[in-house]
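Trainee: Questions regarding the structure given below will be posed in turn.
The values are calculated or read from the model by the stated rules, or taken from the named source; none is laboratory data. Just so it is clear, the model here is predicted, and its values are computed rather than measured. Every residue, glycine among them, receives a Cβ derived from its backbone with ideal geometry; neighbour counts consider all protein chains shown.
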Amino acid sequence: MPAIQGIQLSKSYRHYQVLRNVSFEVAPGECYALFGPNGAGKTTLLKVLATLQKPSSGRFEMMGYDGIQDRNQVRGVLMMIAHGSYLYSELDAVENLRFAAGLRSLSPTAREIKLALDRVGIGAFADFKIRYFSEGMKKRLSIAKAILIRPKVLLMDEPYSSLDERGIAMMNHFIRESLEQGAAVLMTSHNRVQSAEVAGKAGVLHQGVLREIAVKDLVAPHELF
Amino acid sequence: MIRWIRRFEGWFGTAGAVCITIGLYFGLVASPPDSYQGEVVRIMYVHVPFASTSMTAYAVLTVASLWYLWKRDSLVDNLAHATAGIGVFFTSGALFTGSVWGKPTWNTWWTWDARLVSFTILLLILIGYLMLRTFIEDKEREARYAAILAIVGAVDLPIVHFSVEWWRTLHQPLSISQRGIAIAGVMLYPLIFMSVGFYLLFTYMVGVRTQMLYLKQLLEAKKGRLLGEVRL
Amino acid sequence: MNFFNVIRWLAWKDLLSEMRSRENISSMFFFAFIVILIFSFSFSMDQKTAQELMPGIMWVAFIFTGIIGLGKSFTAELQNDCLENLQMNPIPRGAIYLGKLVSNLLFMLVVEVILFPLFVIFFNLDIFEKIPLIMLILIAGTLGVSAVGTLFSAMTVQIRAREVMLPILLLPLIVPVIIGAVEATGGVLQGESVLLYRPWIELLIIFDVIFTIVSFWVFEFILDY
């Protein structure tokens, strides 16, 4: 059973059709890297899969749950890492993690939280308010959140953005670890080389149409679109 | 449903115009003036239908909103949107004619009685509804939020009416009974014609506007498909 | 139970953020103070008229201040896309509503409790023994404004012209609260018989119950399609 399955998903805003009959499958333990020009609809696809937007037609399934009828169960298995960091500025790193875990009925111990922060490289900033965090630090904190929550499905919108070299390596390390634990990852990216290291499948979304490509095409010299 | 509207709207429109013409004739020409208010009472023939149609408009809006939230049928949403717009017309008419009636009768353009205040709040809710719909870009969210506003307003209006009435009896216990005119039999006929005529007219107007909104949505969807195919 | 946990987490998060930045309460307080000053300058009143008009002035100040607080409550969630995060979590929407309602209500009440003594001083009021009743009216009236206001704040935060749409939509609907609160406050302060002002307090409570329940039900459709 695929972890994420898109079945003829279409989405249009007023008179602009963003997604056209997009179909794809991501198995548990697999990472799908999605490429495409700016404005192609990659973020829209992620938003639909994250149950934030209703598709105009088509459906999708996540871990067997229907993406529209069983929205709440879908939300329980997925986590999104995107441009907005979902962090509260006046709270510090530890408090933000506690809050995020609390919303999922989890209560990580102080030790678990510290370990997660150390693993993503911001252990020293545990008591700093998010107001003082850079974008890269916020991204790392999102990974720490994912480490604590261990979602079965990870949706990532340009995960490498804002990260420095070590950060990108840490991100790939985290993705590989999640895949080993059976999670499915769907990520959008503009970084072909780095995503090729973890991707098991790849695709290009262009003018609303999804076209699957071979992972080795990612590192080939020609342009994708 | 849209085909039914197309087929019958003409009948509604004509029937409405006929009824109103008959009503106006009886009301303005053939019926006697009121013993107290004189000729001015003839405004009642317009004011009362405006008011009752306006309340019906809001009732339709509420039912359509509930239906939309349940079934998510976009045509029902178009109906709700249309009703709100037409409702603004009839509510404004009710308030305007009420005010015009009030001046020569009680020497005041405005008074804080429960009915006038409730109608004003109703008008404000309808205008807020239309503004809300204009400011939301996502059309699915627009329909949803508008429906919520209509429903919350529907729960609120009776409470508004009730509390203003209480408030008024407290502060102006000797208020003049404003609509307490005895309606003589001969006045009833034009009133009935006018009311029925207004309802028919209302149905016609809502039918036309609903079609307009529905077609506009269809057009946008079509444009999207065409534009997509001719992409550069 | 997850439901009450969510409410607690949300309220905790808002209260903690506010305690640290004090941004909302201080701006609300100063706004209310300025409104009161302007009223005092606009109407030259003798002592007796001032005392009669005081409940109206007070509630106008509180309501406009409340609208500012209500607006800020959800615009704070727009930072870092936190509102999207709440939508993506498997938490009941009603719990989000109640969590926000609790923090909105508390913030408004804090401002009111600080300002009320100023009213007593400026308007030379006799409040001996009337304080419990005044507290009751403050709570009942503020709850009425917050119950509907939290709903509409969530609705308007995501749309254009949000600062002006919130009062446009909210004010007509809370007319019964304004009437009830002003009449009840006036009745209590003027020392009128309990029979005269009790119905107004009952009106406020009925309004609160009805609209908290209605807004709670309807909130499902605000943060979810």
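Trainee: Are any residues in region B:128-145 assigned to a helix (DSSP H, G or I) and within 8 Å of another protein chain (Cβ to nearest Cβ), and if so, which ones?
Mentor: Matches in region B:128-145: B:128, B:131, B:132, B:135, B:139, B:140, B:141, B:144, B:145.
Trainee: With the condition being surrounded by fewer than 16 Cβ atoms within 10 Å (Cβ to Cβ) and either within 13 Å of chain A (Cβ to nearest Cβ) or touching a residue at least 24 places away in the same chain (Cβ under 8 Å) (or both), I'd like the helices (runs of 4 or more DSSP H) fully within region C:1-98 carrying at least 1 qualifying residues.
Mentor: C:2-21, C:23-42, C:47-78
Trainee: Here's something else I'd like to know. So for region A:198-217 (the condition being buried (at least 18 other Cβ atoms within 10 Å of the Cβ) and more than 21 Å from residue A:40 (Cβ to Cβ)), does at least one residue qualify?
Mentor: yes
Trainee: Take region C:207-225 and flag every residue that is surrounded by 22 or more Cβ atoms within 10 Å (Cβ to Cβ) and either of a type in the set (Phe, Trp, Tyr) or touching a Pro at 6+ places or on another chain (Cβ under 6 Å) (or both).
Mentor: Scanning region C:207-225 gives C:207, C:211, C:219.
Trainee: Only residues in region C:103-119 that are more than 13 Å from residue C:138 (Cα to Cα) count as the first member; pair them with residues that are among the basic types (Lys, Arg), Cβ under 9 angstrom, at least 6 apart or cross-chain, and list the lot.
Mentor: C:103/C:13
Trainee: While we're here: Of (1) under 15 Å from the mean Cα position of the chain (by Cα); (2) at pLDDT 95 or above, residue A:169 satisfies all except one. Which?
Mentor: Condition (1) is where residue A:169 drops out.
Trainee: Now, a different point. Provide a single number: the residues in region C:207-222 that are more than 10 Å from every other protein chain (Cβ to nearest Cβ) and touching a residue at least 24 places away in the same chain (Cβ under 8 Å).
Mentor: Number of matching residues: 3.
Trainee: Kindly indicate which of B:148, B:159 is at the interface with chain C (Cβ under 8 Å from one of its Cβ atoms), on the phi < 0 side of the Ramachandran plot and in contact (Cβ under 8 Å) with a residue 40 or more places away in the chain.
Mentor: B:148
Trainee: Can you pull out the residues in region B:63-74 that are surrounded by fewer than 20 Cβ atoms within 10 Å (Cβ to Cβ) and in contact with a helix residue (DSSP H, G or I) (Cβ under 6 Å, 6 or more places away or on another chain)?
Mentor: B:67, B:69
Trainee: Tell me, please, whether a residue that is at pLDDT 95 or above, closer than 30 Å to residue A:215 by Cβ and within 12 Å of chain C (Cβ to nearest Cβ) can be found in region A:97-118.
Mentor: Scanning region A:97-118 turns up no residue that is at pLDDT 95 or above, closer than 30 Å to residue A:215 by Cβ and within 12 Å of chain C (Cβ to nearest Cβ).
Trainee: Please go through region A:1-49 and pick out each residue that is assigned to a loop (DSSP other than H, G, I, E, B), within 12 Å of chain B (Cβ to nearest Cβ) and under 22 Å from residue C:89 (Cα atoms).
Mentor: Across region A:1-49, there are no qualifying residues.
Trainee: Being crowded, with 24+ Cβ neighbours inside 10 Å and within 11 Å of chain B (Cβ to nearest Cβ) is the filter here, so list the residues in region C:182-206 that pass it.
Mentor: C:183, C:200, C:203, C:204
Trainee: Now for a different question. Which residue pairs have Cβ atoms closer than 8 Å, lie 6 or more positions apart in sequence or on different chains, and pair a first residue in region C:165-182 that is not β-branched (Val, Ile, Thr) with a second residue that is not in a helix (DSSP H, G or I)?
Mentor: Once the first residue is not β-branched (Val, Ile, Thr) and sits in region C:165-182, its partners that are not in a helix (DSSP H, G or I) give C:165/C:159.
Trainee: Right, something else. Quick check on my filter: what residues within region A:80-95 are facing another protein chain (nearest Cβ under 8 Å) and under 18 Å from residue A:149 (Cβ atoms)?
Mentor: A:80, A:82, A:84, A:85, A:86, A:87, A:88, A:91, A:95
Trainee: Another question about this same structure. Out of region A:135-184, which residues are within 14 Å of chain C (Cβ to nearest Cβ), in a helix (DSSP H, G or I) and among the small types (Gly, Ala, Ser)?
Mentor: A:142, A:146, listed by residue number.
Trainee: Which residues, taken from region A:112-133, are part of a helix (DSSP H, G or I) and either among the hydroxyl-bearing types (Ser, Thr, Tyr) or under 18 Å from residue A:146 (Cβ atoms) (or both)?
Mentor: Matches in region A:112-133: A:112, A:113, A:114, A:115, A:116, A:117, A:118, A:119, A:123, A:125, A:130, A:132.
Trainee: A further question on this structure: Please tell me if residue A:84 is touching a residue at least 24 places away in the same chain (Cβ under 8 Å), surrounded by fewer than 23 Cβ atoms within 10 Å (Cβ to Cβ) and not in a helix (DSSP H, G or I).
Mentor: Criteria not met by residue A:84.
Trainee: Within region C:168-218, can you find the residues that are of a type in the set (Phe, Trp, Tyr) and closer than 16 Å to residue B:153 by Cβ?
Mentor: C:207, C:211, C:217
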